[in-house]
Amino acid sequence: MMAAALSIGAAPEILLRFADPLRPAAAATIAELAHLGLPARILSGDRPEPVAAVARALGVPGEGGLNPADKLAAIKSLAANGRRVLMVGDGLNDGPALAAGHVSMAPGSAADASQNAADALFTPLPGPRLYA
């Protein structure tokens, strides 16, 4: 559960609570990728606490509070150790990391900078979803 405070003029502050749950098949998909030898890792500019919670739910390492240079350094370090990095990002600050990945993807809803830096864009398929 997350919350944001809304304040308009002199009116009392209102706390808006909301949830942003993972897609139902997210953990199973990440586990299957790991089984195929494709481990995942979260590098995020978001606050460390929510990033850690998502990482725990997915069973992957995760770091929050990173700036673009931190993400870029992590990808360069992985590449220097012989890893081929698939970077997936959607934010304005993901551009340098997307460009540094061996290959990179961004959702069609991503910031323009991420879309332009990515090698491929992905969008949801029309019609019924194929995952639970």
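Bear in mind these aren't lab numbers, they're just calculated from the coordinates by the rules spelled out. From a predicted model like this one, the values you see are computed outputs, not experimental measurements. Note: ideal-geometry Cβ built from the backbone for every residue, glycine included; neighbour counts use all protein chains shown.
Go ahead and estimate [θ] at 222 nm for the chain from helices alone: -39,500 (n - 2.57) per DSSP H run with n ≥ 4, summed, over the residue count, rounded to 500. Don't skip to the answer; put the middle values down first.
Working: 5 runs with 46 residues, N = 132.
One gets -10000 deg cm²/dmol as the mean residue ellipticity at 222 nm.
For D119 and A3, calculate 0.36 nm times their separation in residues minus their Cα-Cα distance, and state this gained length in nm to one decimal.
Here the answer is 38.3 nm.
With θ taken as phi - 60° and the coefficients 6.51, -1.76 and 1.60, list the Karplus ³J(HN,Hα) couplings across the stretch 24-29 in order, rounded to whole Hz; mark glycine and proline as x.
The phi angles translate into x, 9, 4, 4, 5, 5 Hz.
What is the distance, in nm, between label points placed 7 Å from the Cα along the Cα-to-Cβ direction at A27 and at L86?
2.2
Label E49 and I14 with points 7 Å out from Cα along Cα→Cβ: what is the distance between them in nm?
My value for the distance between the label points is 2.3 nm.
Give a quick list of trypsin sites (Lys or Arg not before Pro) in the stretch 56-87 that DSSP marks as loop, anything other than H, G, I, E or B, with at most 13 other Cβ atoms within 10 Å.
R83, R84
Restricting attention to the alpha-carbon atoms of the chain, what are Rg (one decimal) and Dmax (integer), both in Å?
In Å, with Rg to one decimal and Dmax whole: 16.9, 57.
Could the peptides 93-103, 13-23, 112-122 be put in order, highest first, of the mean number of other beta-carbon atoms found within 10 Å of their residues? All intermediate terms of the calculation are to be shown ahead of the outcome.
On the way: 93-103: 20.3, 13-23: 8.6, 112-122: 16.1.
Descending packing order for the listed peptides: 93-103, 112-122, 13-23.
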